[in-house]
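Worksheet for the structure shown next.
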Amino acid sequence: MTLIDSHCHLNYPGLVERQPEILAAARSRGVTGFLNISTKQTEWPAIIATAEREPDVWATIGVHPHEADAHPDLGCTALVEASVHLKVIAIGECGLDYFYDKSDRVAQRERFAAHIEAARETGLPLVVHTRSAEEDTADMLAEAVGKGGVSGVLHCFTSSADLARKALDFGFYISLSGIVTFKNAKDLQDTAKFVPANRLLVETDAPFLAPVPNRGKTCEPAFVVDTAAFVANLRDEPIEQLAASTSANFFRLFAKAAA
């Protein structure tokens, strides 16, 4: 069995200090790939350096919606230029977060639009964060997909079944984190059952959101195995089958990694 952690933050405090140990622990459980996600421009060099050092680690280039106010001049050009690196396989994490509102909503939409345009220019998929912003997220993605040349994933999915279905209609993928294992995640568990096998990814979002039975711990990529086992049980399929399909989906979406 092999699995891929499609979204983790290996350079965040809690993981970066123990990076070699954490990667070894994940590999020992069958995790064969890691997508190391950036959230602000100052992180890009370190995240790319980790991917350069580790053959099974890839990188993204992007700015989280929480950081939109701190990147007023970030446009498509900077994203496109940074994404040329061979180990950069996606644009993001980007999107909209109206739950915390840590950045102005107009600024969030402007930065998201820049990421969408960069994805179109580079042909790389988007890694999308959305929270309490379903209508605007759906509208912006619908417009982007309508113009063509945009694909991606809604990561750490916690939104409604309606948004999941819209994303699937757009050709996007749905990625499930440890949240799906929580007792109060019944609606998300129902969503996990209907996502087509060829559109599903699994992730940790480490160091956040450790799944059952690791709740309360610093999350790490090895725990993607626990999330995958839970989702496989929900979907009444062998974990080996889910591992194989989600890994194939990863390389289909992030085609630059396969190349």
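So how do SER103, SER28, SER132, SER177 line up by other beta-carbon neighbours within 10 Å, fewest first?
SER28, SER132, SER103, SER177
Say R0 is 41 Å: what FRET efficiency, to the nearest 0.05, do PHE251 and ASP73 get from their beta-carbon distance?
For R0 = 41 Å, the calculated efficiency reads 0.75.
Once R0 is set to 45 Å, what does the formula 1/(1 + (r/R0)^6) return for the Cβ-Cβ distance between LYS186 and ALA258, expressed as a FRET efficiency to the nearest 0.05?
Using R0 = 45 Å, I get an efficiency of 0.80.
Can you pull out the chymotrypsin sites (Phe, Trp or Tyr not before Pro) in the stretch 198-252 that DSSP calls coil and that have at most 16 other Cβ atoms within 10 Å?
Filter output for the stretch 198-252: PHE208.
With mean projected area of the Cα convex hull in nm² as the read-out, I listed (i) 14.6; (ii) 12.1; (iii) 18.2; which label goes with the value calculated from this structure?
So the structure-derived entry is (ii).
When the dipole is taken about the Cα centre of the stretch 3-258, and only Lys, Arg (+1) and Asp, Glu (-1) are charged at their Cβ, what size is it in debye, to the nearest 20?
The calculation lands at about 560 debye.
Take the chain, connect every pair of alpha-carbon atoms lying under 10 Å apart with a spring to form a Gaussian network, then pick out the residue of HIS85, HIS129, HIS64 with the largest mean-square fluctuation.
Comparing HIS85, HIS129, HIS64 in a Gaussian network model of the chain, the most mobile one is HIS85.
What whole number of Å gives the distance from the Cα centroid of the stretch 63-83 to the Cα centroid of the stretch 142-194?
Here the two parts' Cα centres lie 24 Å apart.
What value, in deg cm²/dmol to 500, does the helix sum -39500 (n - 2.57) over DSSP H runs of n ≥ 4 give at 222 nm once divided by the residues of the chain?
-12500 deg cm²/dmol
Do you know the relative contact order of the stretch 146-198, to the nearest whole percent, from alpha carbon pairs under 8 angstrom that are 6+ apart? Show your work: numbers first, answer last.
Details: 48 pairs, mean separation 19.1, N = 53.
Across the stretch 146-198, relative contact order equals 36 percent.
Given a Förster radius of 25 Å and the C-beta distance between HIS85 and ASN233 as r, what FRET efficiency does 1/(1 + (r/R0)^6) yield to the nearest 0.05?
0.05
Which pairs, out of LYS102/LYS193; LYS40/LYS102; LYS87/LYS193, put more than 23 Å between their alpha-carbon atoms?
Details: LYS102/LYS193 33 Å; LYS40/LYS102 14 Å; LYS87/LYS193 32 Å.
Where the Cα-Cα span goes over 23 Å, the pairs concerned are LYS102/LYS193; LYS87/LYS193.
No lab work stands behind these numbers, since they all come straight from the coordinates. On a predicted model such as this, the values are computed, not experimentally measured, just so you know. Cβ: placed from backbone, ideal geometry, glycine included. Neighbour counts: every protein chain shown.
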